[in-house]
Amino acid sequence: MNWSNWIYLGAGIALGMVFRQLFARSSNVSSSSSPVAPLDQQDMPPIVQQLQQTQLAYQMAREMSQFKAGFLVRTSHELRSPLNGLIGLHQLILSDLCEDPAEEREFIAQAHERTLKLLKLMDEILTVARTEHGTNKLDIQPRPLAQILQEVHNLTYMLAANRNFPLQLLPADPEIYVLADYLWLRQILISLIDTAITQMEEGSICISSSTLPTNNFVNIWLDVPTHAFPWSEPIDLLKYEDQPTQIDQKTAALSPGMRLLINQTLVKVMGGKLEILPSTIAKEPHQQLTRLQISIPLVIPEAELL
């Protein structure tokens, strides 16, 4: 063995001893029972950060997929009821069960009327779908919250007064501006109030708003009687067996559950959130209230950004 081989052998032995010491230290650290402080986001290796971001994106995509699947199933349930009515009328005509041509013509007229109402329902759902997809662009601009709430009150208070339901509006700060599509936000509020009034048996409705210094959102609150909305109605119909929808055959209006889901979708497109919370106020001890909270992005003055 020449001198070069001895050099290579010595270097190999030295490297082996160094690696052995490193492995021994790592095993001692992993087997130690002392608590290890969690790594900060900056101390994590890039591959760990990328893995966490991938897991978060997967969870968000999964929730969105479930939401869209529930919306699709809900839509099919909403449209099936008027379709069944149309099929029933046509079966009577095709089976020659009409007593005379006048009755047959009346059935045809009823079928035509229900077809037009069904088309109106489909157009309403398609409008929301196009808005969510981005085909229908929203006109999101800074809007004064006080003006929006006042117009909503002016458009709905007569409907509540005709049924002897008090509709109270707590004025908002005129300096508060929200980033929203003015027409859609007003329509969402009117739809929620109209649905509550239609379902109410007694009680009152209160419209108010609130802002938090640490939050960049404005909370619009609708305090309504608990019985005014069918909270027990399943939104995600994938988990339930077939159930008949609640569409009125005469008016062919969307059910309260479907309208709530549509309004949730529209608020989400505007960058906000529609939630159902227990109300913290009760004018009467026996009156149970539920709070609809609509969170809309707040316009932050430039002075606060500096």
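Values for this structure:
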{"read-out": "Near pairs, Cβ below 9 angstrom, 6+ apart or cross-chain, from the range 192-214 (more than 15 Å from GLN288 (Cα to Cα) and among the acidic types (Asp, Glu)) to any residue that is in a helix (DSSP H, G or I) and open to solvent by 30 Å² or more (accessible area, probe 1.4 Å)", "value": "ASP194/LEU159; ASP194/ARG259"}
{"read-out": "Residues located in the range 143-181, provided they are out of contact with any strand residue (DSSP E or B) (no Cβ under 7 Å at 6 or more places or on another chain), open to solvent by 70 Å² or more (accessible area, probe 1.4 Å), closer than 15 Å to ILE220 by Cβ and not polar (S, T, N, Q)", "value": "PRO171, ASP173"}
{"read-out": "First in the range 137-150 and closer than 13 Å to LEU183 by Cβ and touching a residue at least 40 places away in the same chain (Cβ under 8 Å), second anywhere and of a type in the set (A, V, I, L, M, F, W, C) and part of a loop (DSSP other than H, G, I, E, B), Cβ under 9 Å, 6 or more apart", "value": "LEU138/MET270; ILE140/MET270; ARG143/VAL299; ILE148/ALA172"}
{"read-out": "Counted residues, the range 141-199 - those being in contact with a His (Cβ under 6 Å, 6 or more places away or on another chain) and assigned to a helix (DSSP H, G or I)", "value": "0"}
{"read-out": "Pairs, first assigned to a helix (DSSP H, G or I) in the range 118-136, second open to solvent by 40 Å² or more (accessible area, probe 1.4 Å), C-beta under 6 Å, six or more apart", "value": "ARG130/ASN136; THR131/VAL269; GLU132/VAL269"}
{"read-out": "Checklist (1) modelled with pLDDT of 85 or more; (2) over 25 Å from SER255 (Cα atoms); (3) open to solvent by 60 Å² or more (accessible area, probe 1.4 Å) applied to THR135, failing item", "value": "(1)"}
{"read-out": "Of all residues in the range 209-260 being assigned to a helix (DSSP H, G or I) and open to solvent by less than 70 Å² (accessible area, probe 1.4 Å), the one that is modelled with the lowest pLDDT", "value": "LEU237"}
{"read-out": "Condition met for LEU79 (touching a helix residue (DSSP H, G or I) at 6+ places or on another chain (Cβ under 9 Å), at pLDDT 75 or above and open to solvent by 80 Å² or more (accessible area, probe 1.4 Å))", "value": "no"}
{"read-out": "Out of ARG105, ARG130, sole residue that is closer than 20 Å to ASN263 by Cα and open to solvent by 60 Å² or more (accessible area, probe 1.4 Å)", "value": "ARG130"}
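The values are calculated or read from the model by the stated rules, or taken from the named source; none is laboratory data. Only a predicted model underlies this, so the values are computations on that prediction, with no experimental measurement involved. Note that each Cβ is placed from the backbone with ideal geometry, even for glycine, and that neighbours are counted across all protein chains shown. Only protein heavy atoms, including side chains, enter the accessible area calculation; ligands, DNA and RNA are left aside. Shrake-Rupley method; radii C 1.70, N 1.55, O 1.52, S 1.80 Å.
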